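The values are calculated or read from the model by the stated rules, or taken from the named source; none is laboratory data. Because the structure is predicted, anything quoted here is derived from the model rather than measured. Cβ atoms come from the backbone with ideal geometry, glycine included; neighbour counts cover every protein chain shown.
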Amino acid sequence: MNKKQATYPNRKISEAFLDFASPLTAIMPDDAPEASIEQALMIAFTVWNGVILDDVNGNGYYLTRLNEQASHDPILQALLRELVHRKRTLFADDQRLVGNYKVTRKQGELRLWAEARDPHSAPRTEGPARGSKDPPENPAS
């Protein structure tokens, strides 16, 4: 059986991920605390990895959970939709998961160290096929 291979652009994952998250970080003041930047990046991290894992698993498990968490906040829902669209259009060729990461500042500039992970080695979810309204039976942990 052939193992699927994720596509990897010729770019560091930290670079790609910061570019992806730029709509969130660009609106922050230059002196924003690292904790605030970390919160913005956590949203981007969740969307980035959710899109990839749902594509690999052929279901909508992660994005459905994310949308359920945001259901009380229309602004957050719109932001999530925009980030999903951004990942699927501008970063569709990058199928690496973002693993551990660390945010730092160097001479006032935001820096990110990040691990890239192969999505085909991640635990699989047993969810409904994409487009189905049924919840997953037994999601993998």
Can you confirm whether D31 is surrounded by fewer than 16 Cβ atoms within 10 Å (Cβ to Cβ), of a type in the set (D, E, K, R) and part of a loop (DSSP other than H, G, I, E, B)? yes
If you go through the stretch 109-121 one residue at a time, do you hit one that is among the polar types (S, T, N, Q) and either at pLDDT below 55 or part of a loop (DSSP other than H, G, I, E, B) (or both)? no
Report, by residue number, each residue of the stretch 79-102 that is farther than 16 Å from T46 by Cα and either hydrophobic (A, V, I, L, M, F, W, C) or touching a residue at least 60 places away in the same chain (Cβ under 8 Å) (or both). L90, D93
The residue that is surrounded by the most Cβ atoms within 10 Å (Cβ to Cβ), considering only those in the stretch 55-102 that are under 19 Å from A16 (Cβ atoms) and of a type in the set (S, T, N, Q), is Q95
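For the structure I just gave you, tell me whether L18 is touching a residue at least 40 places away in the same chain (Cβ under 8 Å) and farther than 17 Å from P123 by Cβ. First the steps, then the outcome.
Values: touching a residue at least 40 places away in the same chain (Cβ under 8 Å): yes; farther than 17 Å from P123 by Cβ: yes.
For L18, the condition - touching a residue at least 40 places away in the same chain (Cβ under 8 Å) and farther than 17 Å from P123 by Cβ - is met.
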